[in-house]
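Enquirer: Sharing a structure, written as structure tokens. Questions coming.
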Amino acid sequence: MFKKKLLEIWNHFGKKNQIDKIREEVEELIEAIESGDVTEIENEFADVQVLLKQVYVAHNLSLTNINNIIDSKVTRTLKCIATGDYEKARRSV
């Protein structure tokens, strides 16, 4: 039922408008994070999540694949931290 509602919103506004909305909401989330206001961060995080869930439903994405990719990226980042690769890259700039 929830997926149907998300898809209805996505289809009503259309891909281009929702992409623009994602940009807008991510910027608002960044501003909220910078402000440090936890309530505002939560509200903006929820706005971004609603839009990302629309993308997930509209494109019939695999949550299993997404979680595997996330795990891989986190593991890779931790490896780079452990080996000092991020620090080396910063010093070379």
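Read the figures in this text as sums done on the coordinates, not as results from a lab. What you see is a predicted model; the values in this text were computed from it and never measured. Reconstructed Cβ throughout: ideal geometry from the backbone, glycine too, with neighbour counts over all protein chains shown.
Enquirer: Give me the net charge of V57's neighbourhood, meaning all other residues with Cβ under 11 Å from the Cβ of V57; Lys, Arg count +1, Asp, Glu -1.
Expert: With Lys, Arg at +1 and Asp, Glu at -1, the net is +3.
Enquirer: Oh, and also: Just to verify a number: FRET efficiency for S72 and T39, C-beta to C-beta distance, R0 = 30 Å, to 0.05?
Expert: For R0 = 30 Å, the calculated efficiency reads 0.35.
Enquirer: Also: Student exercise: in the chain, how many lysine pairs 8 or more apart or on different chains have Cα atoms under 25 Å apart?
Expert: Number of lysine pairs found: 18.
Enquirer: I would also like to ask the following. Can you tally the net charge around L7? Count Lys and Arg as +1, Asp and Glu as -1, for every other residue whose Cβ sits under 13 Å from the Cβ of L7.
Expert: +4
Enquirer: For the range 1-44, rounded, prolate or oblate, judged on the Cα gyration tensor with a ≥ b ≥ c (square roots of eigenvalues), a/c < 1.5 rounded, else prolate if a/b > b/c?
Expert: oblate
Enquirer: Okay, next question. Among [x] 55, 36, 18; [y] 48, 33, 24; [z] 54, 30, 17, which one is Cα extents along the principal axes in Å computed from these coordinates?
Expert: [y]
Enquirer: Calculate, for D85 and K4, the FRET efficiency according to 1/(1 + (r/R0)^6) with r their C-beta to C-beta distance and R0 35 Å; round to the nearest 0.05.
Expert: After rounding, the FRET efficiency stands at 0.20.
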